[in-house]
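Values quoted throughout were computed directly from the atomic coordinates according to the rules given, and no laboratory measurement underlies them. As the structure is a prediction and not an experimental result, all values here were calculated from the model. Counting neighbours? That spans all protein chains shown, and the Cβs are built from the backbone with ideal geometry, glycine included.
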Amino acid sequence: MLRTSEETSPSDARIAVELQASIARLVRRLRQTHVPGDLTPSESSVLSRLDRGGPASPGDIAAGEQVRPQAMTGVLANLEGKGLIVREPDPADGRRVVVSATDAARQLISTRRGLKADRLAHAITGGFTPAEKQQLVAAAELLDRLAATL
């Protein structure tokens, strides 16, 4: 159930501020993980989108990334120049183009995710008790549920 701002208690607002800051810090630290084939955040996001969702039109990608199609043109050109995407005619409508991730892109995404997961796992192994690890599992489930309600 979605609550209005009038129904949000001061403690809920404080939790929201602290949670937002903590998540932002975690994401920032994970982005600092050096990975081969460095990509811009936009390029990385587009490749992840194509990896998860499959081929898409440039317009659909731009809409999903919440940018104008003109802004997406440069990102796609860079990815194509790096051999990470291919453009092909849309099988349903030959006038349109769909963009797909290449095998090289899927390998790069897998490597990047693995390195970041390894960094996170190492931090968890070295800095948390078994009870705290269980709290992290519970927190991950709650964060997924929270994300689904936004």
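Quote the charge dipole size of the chain about the Cα centre in Debye, to the nearest 20; the model charges only the Cβ of Lys and Arg (+1) and of Asp and Glu (-1).
Numbers: 20 positive and 18 negative charges, 78 e Å.
Here the chain has a charge dipole of around 380 debye.
Computed on the range 32-118, the Cα convex hull volume stands at 93 Å³ per residue. For a paramagnetic label modelled on S45 (point 7 Å from Cα along Cα→Cβ), amide N atoms under 20 Å away belong, within the range 136-150, to 144, 147-150. The H on the amide N of S57, modeled in the peptide plane, is under 5 Å from the matching H of V99, each at least 5 residues off or on a different chain.
Distant-in-sequence amide contacts of I85, defined by a placed amide H-H separation under 5 Å and a gap of 5 or more residues or a different chain, comprise E80, T102.
Using only the alpha carbon atoms of the chain, find the Kirkwood hydrodynamic radius as the inverse mean reciprocal pair distance, in angstroms to one decimal. Walk me through the numbers before you get to the answer.
Values: mean 1/r = 0.0549 Å⁻¹.
After inverting the pairwise mean of 1/r, the radius is 18.2 Å.
For the range 33-81, the Kirkwood radius over C-alpha pairs fed into Stokes-Einstein at 25 °C and 0.890 mPa s yields D = 221 µm² per second. Model label sites at E65 and L143, defined 7 Å from Cα along the beta-carbon direction, differ in position by 2.4 nm. Dipole of the range 67-144 computed with +1 at Lys/Arg Cβ and -1 at Asp/Glu Cβ about the Cα centre; of V99, G126, T73, farthest Cα towards the positive end is T73.
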